[in-house]
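Enquirer: Dropping the structure in here first, questions after.
The values are calculated or read from the model by the stated rules, or taken from the named source; none is laboratory data. If you're wondering where the values come from, they're calculated on a predicted model, not measured in any experiment. Don't worry about glycine lacking a Cβ; one is built from the backbone with ideal geometry, like all the others, and counts go over all protein chains shown.
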2 protein chains.
Amino acid sequence: MVDAEIVAIGSELLLGGAADTNSLFLADELLKLGIEVRYKTVVGDLPKDIEAVLLHAFERARIVITTGGLGPTEDDLTRKVVARVTGRRLVLHNDALAAITHRLAARGRPVTAEQTTQALIPHRANILQNPVGIAPGFFLMRDDRGVMCLPGVPSEMRRMFSEGGGGCLEPLAGEALHGSMLRRRLRTFGLTESEVDSRLRDLYRAEPNVVLGLQAGEEGVDISITVRARHVDSAQSTMKRVERAVRDRMGHALYAVGSQTMEGVLALQLKARRLTVTVAESCTGGLVSQRLTSIPGSSSYFKRGYVVYSNKSKVEMLKISGTLLNEKGAVSREVVTAMAEAVRARGNTDLGVAVTGIAGPSGGTKEKPVGLVFWAVADKKQTLWLSQIFGGDREGIRRRASQAVLDMLRRYLSGKPVVE
Amino acid sequence: MVDAEIVAIGSELLLGGAADTNSLFLADELLKLGIEVRYKTVVGDLPKDIEAVLLHAFERARIVITTGGLGPTEDDLTRKVVARVTGRRLVLHNDALAAITHRLAARGRPVTAEQTTQALIPHRANILQNPVGIAPGFFLMRDDRGVMCLPGVPSEMRRMFSEGGGGCLEPLAGEALHGSMLRRRLRTFGLTESEVDSRLRDLYRAEPNVVLGLQAGEEGVDISITVRARHVDSAQSTMKRVERAVRDRMGHALYAVGSQTMEGVLALQLKARRLTVTVAESCTGGLVSQRLTSIPGSSSYFKRGYVVYSNKSKVEMLKISGTLLNEKGAVSREVVTAMAEAVRARGNTDLGVAVTGIAGPSGGTKEKPVGLVFWAVADKKQTLWLSQIFGGDREGIRRRASQAVLDMLRRYLSGKPVVE
């Protein structure tokens, strides 16, 4: 395995402001190339700090990838410092400047003097195009070490790495592949971390070259399987065996693999079966619709959504009976099933989905505490519903509720029991 | 200033899976106590790696805060390793166990053997309650160094720090407060990073003890002001002066301070003026409604939302004219203003807000490229609209569009010009 260090540059990452999601994407992508991220470092915008971190990174990692600091402003220092530590001079790169001019023109903006500084690139570096932003990235070698500089904006960084950056690293990855490591993430929903743990317990020590890890979050419990072996073939066969054992123990709770999301899985199911869905949501306030439409091509299965936040909107938009709302309350089995049936009919779709609950922090009672959520899926013949009390704060409860709704739809579409 | 190091524990943070947002919150909170985060480290679930990182942290930081690794499973190692490096034994803490039992019972679940391990705490450590989760945290001193162990789940970590953790650190912060550092974040929307940069250019070198930093993202450009001074008083007066200068240069583009969000600012405005709003969204698919309802108490200003994703839904739900849709296209000034006016009327609210655009990756044409978005705000008398071509990928375009819609509403409510 070749070692890599990811260096995130920017005081805002050190001192509050923006989360570093870039290193997650990069770690996954690098592993596919046989490169293991061993270190992650965050450094502020001081030139001498960046320089010290980069020099230290060259000592312990074969590949150093920086994110951030490629913008047009005074505290965007990556180009300068990388040029210095690699002993190159900065030169104005004409193609890079042309690309910057072109992209700004497409947005109807002129090129400012500051923006031209983004075309200053260390001499003989390999330019990486930025298809969705302005600043180009670059890759160069310093002795036998590779340095890649990517933008900090996640969408730009991802596209740049996928459409050029990754390819630059392949020669480095291949030549030093002593031994192999594979990693796979299996995603579950509906079981607690303790339940997943106890189902996997006998596997933890079964194979010495396999590590199982659990990560519980608002989207469920993810299981990571890491396999190390001398050769790729034996790593692959071990992975296959362990994955099968984990899948057996997880059953229908397993909903996705790798970086796939619940909404991504649902998109595939809905498209394959040519089914359409309408959503009615109260406590989640639009989150379920937003997640379903986050997938490209979602217009084939999602046509409309109703955010029925107030009781009055439930009556007016979905014709839920005011008497029912008064007698059972908006957060009830009766209302959620009526909502799912109503939106299916109003949207004229195959399925109706609904969710109602108490996201808090106020509004809870002893009978109906904060975190109590009901959700339902209706088709032409039947309406299924579930209910649970979720933990967490307001945003956490909303995220867990949205995941539960989507999971119910997934189980329904798979022909699997909705509850086990 | 007292130095702190934040150590995020968990292989999933190193190797793809979950982003570390905890350190951002902690950095902000610590600064309020006069504690500066100088280092951030991410380490996997191997005991010897965690031990090495903690020992190194004790060398260079007065306060070490860990997040993660407090769960009930085999790879939750924080309790064990911290006990070892601080030379304490682990003891079963009865109050902690009672709290765990109580919280599980509230969710209708029994306590498993694994979960009782979460009540094993280093001897004489100060327990930190977990009001929204199961595992308790703790704080203890090792010689003159403080160690605090918090859960990895962000909502749990935040509540635990705010309701107990922060207080434990105050004595450490106070006793060694040599010099003072203040930081403030001013958030802008509507200007590019280059534009913000050029407006601030003369301030960068004006004061030697002040550092200005810019961070561009999907929510706009954030400006951080960092002031260092010998005494708190002089730091505060410098901050006041610099903040005023920055505010003057940003004008109406400045929408929030610190960790406040656009939706948080809007909530205050709408509540103060007792106004209500209805939302119609196409390309954002529920995101605008979701953001407006993410604020506790949002039911006072938000009653309902329409996710009109298909043309048919625009006709059926909002009575937008089919002829207009055919002639002008769904992504047009005419349709977005009609949508805003229609939802205002249907929702019977003071204001109607609408957004329509091409989020991509497909669906763009030469005249209407991917990223083109129209949005509008309607009141009883007038309908204002704006349009822009946003960069980024599908999710980036949707997020930028939602921010633009909310910003237009903010400017409208402030009586400020919607466009400058």
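Enquirer: Any residue in the stretch B:373-398 that is within 14 Å of residue B:340 (Cα to Cα) and within 14 Å of chain A (Cβ to nearest Cβ) sitting within a Cβ distance under 6 Å of a residue that is of a type in the set (Ser, Thr, Tyr) and in a strand (DSSP E or B)? List the pairs, counting only those 6 or more apart or interchain.
Expert: Going by the 6 Å Cβ cut-off, there are no qualifying pairs.
Enquirer: Which of the residues spanning the stretch A:271-296 are more than 8 Å from chain B (Cβ to nearest Cβ), surrounded by fewer than 24 Cβ atoms within 10 Å (Cβ to Cβ) and more than 13 Å from residue B:313 (Cβ to Cβ)?
Expert: A:271, A:272, A:273, A:274, A:275, A:295
Enquirer: Would a scan of the stretch B:249-263 turn up a residue that is touching a residue at least 40 places away in the same chain (Cβ under 8 Å), among the β-branched types (Val, Ile, Thr) and either crowded, with 24+ Cβ neighbours inside 10 Å or away from chain A (no Cβ under 13 Å) (or both)? If you could, list the steps in order and put the result at the bottom.
Expert: From the stretch B:249-263, those touching a residue at least 40 places away in the same chain (Cβ under 8 Å) are B:249-263; that's our starting set.
Narrowing the set further to residues that are among the β-branched types (Val, Ile, Thr) leaves B:257, B:261.
With the extra rule that they be either crowded, with 24+ Cβ neighbours inside 10 Å or away from chain A (no Cβ under 13 Å) (or both), the set shrinks to none.
Taking every residue of the stretch B:249-263 in turn, none turns out to be touching a residue at least 40 places away in the same chain (Cβ under 8 Å), among the β-branched types (Val, Ile, Thr) and either crowded, with 24+ Cβ neighbours inside 10 Å or away from chain A (no Cβ under 13 Å) (or both).
Enquirer: Restricting the search to the stretch A:23-77, which residues are closer than 22 Å to residue B:214 by Cβ, within 12 Å of chain B (Cβ to nearest Cβ) and part of a helix (DSSP H, G or I)?
Expert: A:23, A:49, A:53
Enquirer: Does residue B:185 satisfy being in contact with a helix residue (DSSP H, G or I) (Cβ under 9 Å, 6 or more places away or on another chain), surrounded by fewer than 23 Cβ atoms within 10 Å (Cβ to Cβ), under 19 Å from residue B:260 (Cα atoms) and within 11 Å of chain A (Cβ to nearest Cβ)?
Expert: Values: in contact with a helix residue (DSSP H, G or I) (Cβ under 9 Å, 6 or more places away or on another chain): yes; surrounded by fewer than 23 Cβ atoms within 10 Å (Cβ to Cβ): yes; under 19 Å from residue B:260 (Cα atoms): yes; within 11 Å of chain A (Cβ to nearest Cβ): yes.
When the stated conditions are applied, residue B:185 passes them.
Enquirer: Does residue B:349 count as within 14 Å of chain A (Cβ to nearest Cβ) and either modelled with pLDDT of 95 or more or surrounded by fewer than 24 Cβ atoms within 10 Å (Cβ to Cβ) (or both)? Walk me through how you get there before you give the answer.
Expert: Numbers: within 14 Å of chain A (Cβ to nearest Cβ): yes; either modelled with pLDDT of 95 or more or surrounded by fewer than 24 Cβ atoms within 10 Å (Cβ to Cβ) (or both): yes.
So residue B:349 passes the test.
Enquirer: What strands (runs of 3 or more DSSP E), lying completely within the stretch A:117-182, carry at least 1 residues that are basic (Lys, Arg) and touching a helix residue (DSSP H, G or I) at 6+ places or on another chain (Cβ under 8 Å)?
Expert: A:137-142, A:145-150
Enquirer: Among the residues of the stretch B:318-334 satisfying the criterion of being part of a helix (DSSP H, G or I) and under 36 Å from the mean Cα position of the chain (by Cα), which is farthest from residue B:369 (Cα to Cα)? Let's see the steps before the verdict.
Expert: Of the residues in the stretch B:318-334, the ones part of a helix (DSSP H, G or I) are B:318, B:322-328, B:333-334.
Remaining after also requiring under 36 Å from the mean Cα position of the chain (by Cα): B:318, B:333-334.
On the way: B:318: 25, B:333: 15, B:334: 18 Å.
Going through the qualifying residues, I end up with B:318.
Enquirer: Could you pull out the residue among B:36, B:5 that is touching a Phe, Trp or Tyr at 6+ places or on another chain (Cβ under 6 Å) and at pLDDT 80 or above?
Expert: Just a single option satisfies the conditions, and that option is B:5.
Enquirer: Scanning for something crowded, with 24+ Cβ neighbours inside 10 Å and within 15 Å of residue A:266 (Cβ to Cβ), does the stretch A:382-399 turn up at least one residue?
Expert: Within the stretch A:382-399, none of the residues are crowded, with 24+ Cβ neighbours inside 10 Å and within 15 Å of residue A:266 (Cβ to Cβ).
Enquirer: Would you check if residue B:269 is touching a helix residue (DSSP H, G or I) at 6+ places or on another chain (Cβ under 7 Å) and modelled with pLDDT of 95 or more?
Expert: For residue B:269, the condition - touching a helix residue (DSSP H, G or I) at 6+ places or on another chain (Cβ under 7 Å) and modelled with pLDDT of 95 or more - is met.
Enquirer: Starting from residues that are under 16 Å from residue A:73 (Cα atoms) and of a type in the set (S, T, N, Q), keep the ones in the stretch A:114-170 and report whichever is surrounded by the fewest Cβ atoms within 10 Å (Cβ to Cβ).
Expert: If we take residues in the stretch A:114-170 being under 16 Å from residue A:73 (Cα atoms) and of a type in the set (S, T, N, Q), then A:116 is surrounded by the fewest Cβ atoms within 10 Å (Cβ to Cβ).
Enquirer: Still on this structure, please answer the following. Just the residues that are farther than 21 Å from residue B:24 by Cβ and modelled with pLDDT under 90, please, taken from the stretch A:74-92.
Expert: A:74
Enquirer: Moving to a separate point now. Residue check, residue B:388 against (1) in a helix (DSSP H, G or I); (2) more than 24 Å from residue B:304 (Cα to Cα); (3) touching a strand residue (DSSP E or B) at 6+ places or on another chain (Cβ under 9 Å), all met but one. Which one?
Expert: (1)
Enquirer: Assess whether residue B:57 counts as being among the small types (Gly, Ala, Ser) and in contact (Cβ under 8 Å) with a residue 40 or more places away in the chain. Steps first, please.
Expert: Numbers: among the small types (Gly, Ala, Ser): yes; in contact (Cβ under 8 Å) with a residue 40 or more places away in the chain: yes.
The answer is yes for residue B:57.
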